[in-house]
1. What's the Kirkwood radius of region 42-122 in Å, using all Cα pairs?
2. Would you tell me the accessible area of His382, worked out with a 1.4 angstrom probe on the heavy atoms of the protein chains, in Å² to the nearest 10?
3. How big is Rg to Rh over region 293-362, alpha-carbon atoms, Rh as the Kirkwood inverse-mean-distance radius?
4. Quick one: which of Lys284/Lys554; Lys144/Lys227; Lys531/Lys554 span more than 18 angstrom between C-alpha atoms?
5. I need the Debye-formula profile for region 500-542: one equal scatterer per C-alpha, no solvent, reported as log10 I(q)/I(0) at q = 0.25 1/Å, two decimals.
6. Report Rg(Cα)/(2.2 N^0.38 Å) for region 1-91, keeping two decimals.
7. In debye, nearest 20: dipole of the chain around its Cα centre with unit charges on the Cβ of K, R (+) and D, E (-)?
8. Given the alpha-carbon gyration tensor of region 106-162, what are the semi-axes of its equivalent ellipsoid in whole angstrom, ordered largest first, with each equal to the square root of 5 times an eigenvalue?
Amino acid sequence: MCGIAGQVRADGGRPDVQLLQRMCSAMEHRGPDSRGVHVDDGVGLAIQRLRVIDLVSGDQPMFNEDRSVVVVLNGEIYNHRELRQRLQRKGHRFATQSDTEVIVHLYEEVGLDFVDSLIGMFGVAVWDARERRLVLARDRLGKKPLFYSERDGVVSFASEIRSLLQDRSISRSVDYEALDVYLALGYVPSPLSAFRQVRKLAPAHRLVFRDGRSRIDAYWHLRYTPKRSFTDERGLCEELRERMRVAVRRRMISDVPLGAFLSGGIDSAAVVAVMAEESSRPVKTFSIGFDDERMNELPQARVVAERFGTEHHEFMVTPDAIELLPAIIRHHGEPFADATAIPTFYLAQAARQHVTVALNGDGGDEIFAGYTRYVANLAAAHLSRLPLGLRRALAGMGSAVPADGRIDSWPSRIRRVAQTLALDEPGRYYAYVSHLSGLRQEGLYTDALREELGVARARETIAEAWRRASATDLLDKMLDTDLRTYLPDDLLTKVDIASMSCSLEARSPLLDHELVEFAASLPAAEKVRGKEKKVIFRRALRGWVPDAILDAPKRGFQPPIARWLQGEMGGFAKEVLLDRAALARGHFRPDRIAALIDRHAEGVEDHSQGIWRLLIYELWHRQFVDGAGEDISDRHSEQIATAQVS
């Protein structure tokens, strides 16, 4: 696991070595074990390496025999041993046991198609000196990030935004289209970034830059058709368990200590179950808890830990989020409002005290259908058969239900369902994953920001992902939309940033692309039936994972932001958002912001997510735009608040 960076110049000029050094320094936390820099005519590649496989000879960049091909890799290639054997049979000679060297020779053998053979997570850069060609590629599901900026015949790239921004020729001008989408979704989706001159390479895509021109194409598409037909459910469950074993086994390859995040939910419990089966020693597991019992999963995590005899570590967290936010914002480099980033940072810090690699259960909800919104949208689809006029009338009746101070209460749910009745399928799904759409209609944006934005793109982001889905079934369309948007740009971004902030490698077995393809081939009825979610996944785990875990309601990992914002943090948010500097930007109406904060503090309506997103945006703007990079360098002396060990 590493952080990579570089620059390629069409004019053949040598990139500035000091720039590459600064880019490395800005993400030293991603790979503190070694630094490698390669500079030649027209190209500069750099890497900060975290040694996980081949600790002795695996430092990068890596070259072929005549140094005409050079590679830097962020991530892990889990099938590198099989690929190595295949390439050796074709006459390729290897100097190391590193997975990175496999890419060098694979590129020599098949060119741009090298990505098709890789099983793993990666952000990779290949420089072909003979062809004068740069190839950037990102793994299929988007586990590892890759940012780039292209202007005037120059491409700069890096694993983190703040590393990329060490190149002072890249403007820090805010992308207001990205701001609009961020306020709706809580994250900035690919290919956008918060900066106009910075873009994210989307998952399963590669960028080829040659002769001053670039092209981007997708090398993998998840297919939901054709569907598997089967009559033996027991056999299907056994196949699913075996595919999970393969996925976990691949991710247990490591030359450094390894453990697992254990949330107390089904997905992480399944991963730990396989790890315990495959390991000759007790698995090291790590769990985080809150002082709010509604959100505390520590009791469930203990059940799993006891069942599989793990070496279990628990951490109770009552964070002072005001102190933690600058560190989170600094590492993300753009606004990111998923509040579960807070406990994820704590969990990563706690695990890093014991291991260098941690497996997790990410992806289970998106491939086997674990979210309540899937059930709600399937139910709403039946109502869509009613005449539009009747649906509008029902929507009006539902919207008349008095507002409630909790977003997860029944009155709030009724209002949310009612507001979607007159919408089409992608519009309805957007309403479920967005929480600020109503605020725009009520006048949150100033006229100046509306003029800057033009046509708002937030709704279209979801609609576009919906249209691109290969699925025909409604449930599969929702799953595919989440796999293209929410999963890579929210969940996986959160875990990558939190884990790499403390030099911890996070691996996600449930996102093995072969397992994902298998899940996509299953009929929708094997995922959701009525109110039951993850149907086949639960059945496959029955007798393996404790029933108390399989039958427990989903809790999530959400800290009590709503309660925090009704206390001291609410005052802090009001002070920040109505500060003179914030108002001078002219983006949001101060009267609307004050009303949101006051109504939330009074418990009249739950505006916690909207307030949180506005607060994160303002703090990010101060650090990255107003500060012009003053807080970009990594400061090891600035510690994230420590968790209490129980």
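The values are calculated or read from the model by the stated rules, or taken from the named source; none is laboratory data. Small disclaimer: the values here were computed from a predicted structure and weren't measured. No Cβ is skipped: glycine too gets one built from the backbone with ideal geometry, and neighbour counts run over all protein chains shown. SASA here: full protein model, heavy atoms, side chains in, ligands and nucleic acids out. Shrake-Rupley method; radii C 1.70, N 1.55, O 1.52, S 1.80 Å.
1. Kirkwood radius, region 42-122: 12.9 Å.
2. 110 Å²
3. On the Cα set of region 293-362, Rg over Rh gives 1.00.
4. Result: Lys284/Lys554; Lys144/Lys227 exceed 18 Å.
5. -0.91
6. Taking N as the residue count of region 1-91, the ratio is 1.17.
7. That gives a dipole near 1260 debye.
8. 20, 18, 7
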